[in-house]
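Below: the structure, in structure tokens.
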């Protein structure tokens, strides 16, 4: 399952438009885009970052992991809120890659 998640993330990164190639995918860079509603975005970069956040969370929710057990009725938005709250409450996580921090947030919120 982890391989499947990584494959999805890699394929999304490879298929990304050229303007997104220079993006920093650390949690601190993504937190505002991950937290904002879709309607708030007025540029491609912000929309791309929000899509990246949602895509990562979707992949993690779909695949599960031995360190966390997300309840079956949890929505992607609920899981995204868990991840962004964890990032805001853990300043040391701001420089870490978003997928890694999201997994830590899930393990804290939904430990098996």
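Some observations on this one:
- Any chance residue 112 is farther than 17 Å from residue 26 by Cα and at pLDDT below 90: yes
- Here residue 78 clears all of (1) under 15 Å from residue 31 (Cβ atoms); (2) part of a helix (DSSP H, G or I) except the condition numbered (1).
- Flag for residue 32 being without any contact (Cβ under 8 Å) to a residue 12 or more places away in the chain and part of a loop (DSSP other than H, G, I, E, B): no
- Filter result for the condition that a residue is modelled with pLDDT of 90 or more and farther than 19 Å from residue 29 by Cα, over 70, 87: 70
- Restricting attention to region 83-98, the residues that are surrounded by fewer than 19 Cβ atoms within 10 Å (Cβ to Cβ) and in a helix (DSSP H, G or I) total 5.
The values are calculated or read from the model by the stated rules, or taken from the named source; none is laboratory data. Bear in mind the structure is a predicted one, so any value in this text is a computation, not a measurement. In this analysis, Cβ positions are derived from the backbone assuming ideal geometry, glycine residues included, and neighbour counts consider all displayed protein chains.
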